[in-house]
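Notes for the one structure printed next.
The values are calculated or read from the model by the stated rules, or taken from the named source; none is laboratory data. The model shown is predicted, which means the values in this text are computed figures rather than measured ones. Neighbour counts run over all protein chains shown; Cβ positions are idealised from the backbone, glycine included.
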Amino acid sequence: MLIDPKVRSPQIKRLDAASRDRWDAFVMACPQASFFHRAGWQRVVEQSFGHRTHFLFAEEDGVIQGVLPLVHIKHPLFGNSLSSSAFCVYGGPATSSEAAAQALDAAAVKLAAECNVDHLEYRQMLPGARPGFAEKADLYVTFRKRIDPDVEKNMLAVPRKQRAMIRKGIKADLVSVIDADVKRLHRVYAESVRNLGTPVFSRKYFANLKQEFGDDCEILMVTHAGAPVAGVMNFYFRDEVLPYYGGGTAAARALAANDFMYWEVMRRACERGYRLFDFGRSKRGTGSFDFKKNWGFVPEPLYYQYLLRRGDKLPELNPLNPKFRLLIAVWKRLPLPVANAIGPHIVSYLG
C-alpha cells in the first residue's frame, strides 16, 4: 500500500468502551458511513458468532477522522477472510480526510498479513481505486430511492402493476404491527429462507441486533386474521430506512403480503419523517433483483474490493455459484426443524 509521504498520518486505534460514543458520533456525521459502520456491530458479531473483530479508527489531535470495522472469519471449508463488514451489505473505510483513508488502508493490509487471511474485503457503495485491490462491480447492486413527504405521492410513484399488488394486500385486510421482540419474525424468516435454499441465522443473532440497536432496529409484522404471514427487520439511520431481514410464509404470495409489507415500511417511515428508502443489496439475475426493479427503483452497482493474498480468483460465496446448486436443492427439502438446527452453524461462517 502506497502512502503519500507528504500527508501526515493519523494514529490508528482500536474501538473500546471509552471511544464508542465518539465512534458513533463520527459515523452519524460522515457522508461515507452507513448503519453498518456503527460501533454496535462489534458486540453483535462477537456475541452472536464468536468471531474476532478489529474495529479500527484513525485519530489526530483527539479527533476521529475515519473508522473501519473489520471481522475475521476462518473456516476450513469457507476460507479465511477479513471483511468490512461481514454480515453487512456496506462497509469499507468511512473517512473525512485522505490521510485517514490511507492510514486505515495501511493498517488493514498489515492486519490481513498478521491474521494470514486469504483476502481482505471492502463492501463499498462507491467506486474508488486502491493499489493492489481487485474490484467486483458486476454482481451486487443496491436500490435506494427518495421518500416523498406525501404518502399518496409515494403510492403513485410505484409502477401500476406493483401498485395493484399493494392494493390487493390492503383489500385482503392485512394488518401491519410493530413487535417488541423477534420471535414471530424469526419463525416467518426461517421458513422463508429454507424455501429459498438458504441457511437461516439464529434467533439469538436477531435478538442481539434488537437489543443492541433498540428503536433503530424495528420489527414489522404483517398479519392476516391475527396470524403472522410476513415480517421484516428494519434498520433506521439518519433519514434512511433499510428493510434488512424479511420473509413470508406459504400463505404470503396469495395475499400479496410481501408487497403490502414493504409498502407499510415505506408508509410508516414517510409519516415519521424519513426521506430515503434503501431496499438493500440484491444479486443480478435473482428474484429479489426483479422484485425491487418492479417497484420503480433503479439498481446502483456496489463496488466490492478485494486484496487477494492467495491465488487470483475473487471469492464466490453466493447462491449463484454453480458449486452450491446441489446444496441449495437439498436444503429446500429439509424439514424446517432440521434446517433451523443446522443452518446457524453454517451461515455464521459465510459472513
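Evaluate the following for Phe36: is it buried (at least 22 other Cβ atoms within 10 Å of the Cβ) and outside the structural domain of Glu240 (by TED's automatic domain parsing)? So Phe36 passes the test.
Report whether or not Leu156 is closer than 17 Å to Tyr306 by Cβ and either at pLDDT 95 or above or part of a strand (DSSP E or B) (or both). No.
Each residue in the stretch 92-113 was checked for being in a helix (DSSP H, G or I) and under 16 Å from the mean Cα position of the chain (by Cα), and 0 of them qualify.
Would you list the strands (runs of 3 or more DSSP E) that sit entirely within the stretch 241-351 and hold 1 or more residues that are among the aromatic types (Phe, Trp, Tyr)? Give the steps one after another, and end with the answer.
Values: elements: 276-283, 299-301, 303-308.
Once the strands (runs of 3 or more DSSP E) in the stretch 241-351 are filtered for at least 1 residues that are among the aromatic types (Phe, Trp, Tyr), what remains is 276-283, 303-308.
For the stretch 255-285, the set of residues classified as touching a Ser or Thr at 6+ places or on another chain (Cβ under 9 Å) and of a type in the set (A, V, I, L, M) consists of Ala257, Met261, Val265, listed by residue number.
Residue check: Arg163 meets all listed conditions (1) surrounded by fewer than 17 Cβ atoms within 10 Å (Cβ to Cβ); (2) basic (Lys, Arg); (3) over 18 Å from Leu307 (Cβ atoms); (4) free of Cβ contacts under 8 Å to residues at least 12 places away in the same chain but one, namely (1).
Residue-by-condition table, conditions (1) touching a residue at least 24 places away in the same chain (Cβ under 8 Å); (2) among the polar types (S, T, N, Q):
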| site | (1), (2) |
| --- | --- |
| Met221 | yes, no |
| Asn234 | yes, yes |
| Ala254 | no, no |
| Phe260 | yes, no |
| Arg267 | yes, no |
| Leu276 | yes, no |
| Gly285 | yes, no |
| Asn294 | yes, yes |
| Arg325 | no, no |
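Look through Val89, Val71, Val45 and report the one residue that is in a loop (DSSP other than H, G, I, E, B) and within 28 Å of Thr142 (Cα to Cα). Before you say what the answer is, go through the steps one by one.
On the way: Val71 fails: in a loop (DSSP other than H, G, I, E, B); Val45 fails: in a loop (DSSP other than H, G, I, E, B).
It is Val89.
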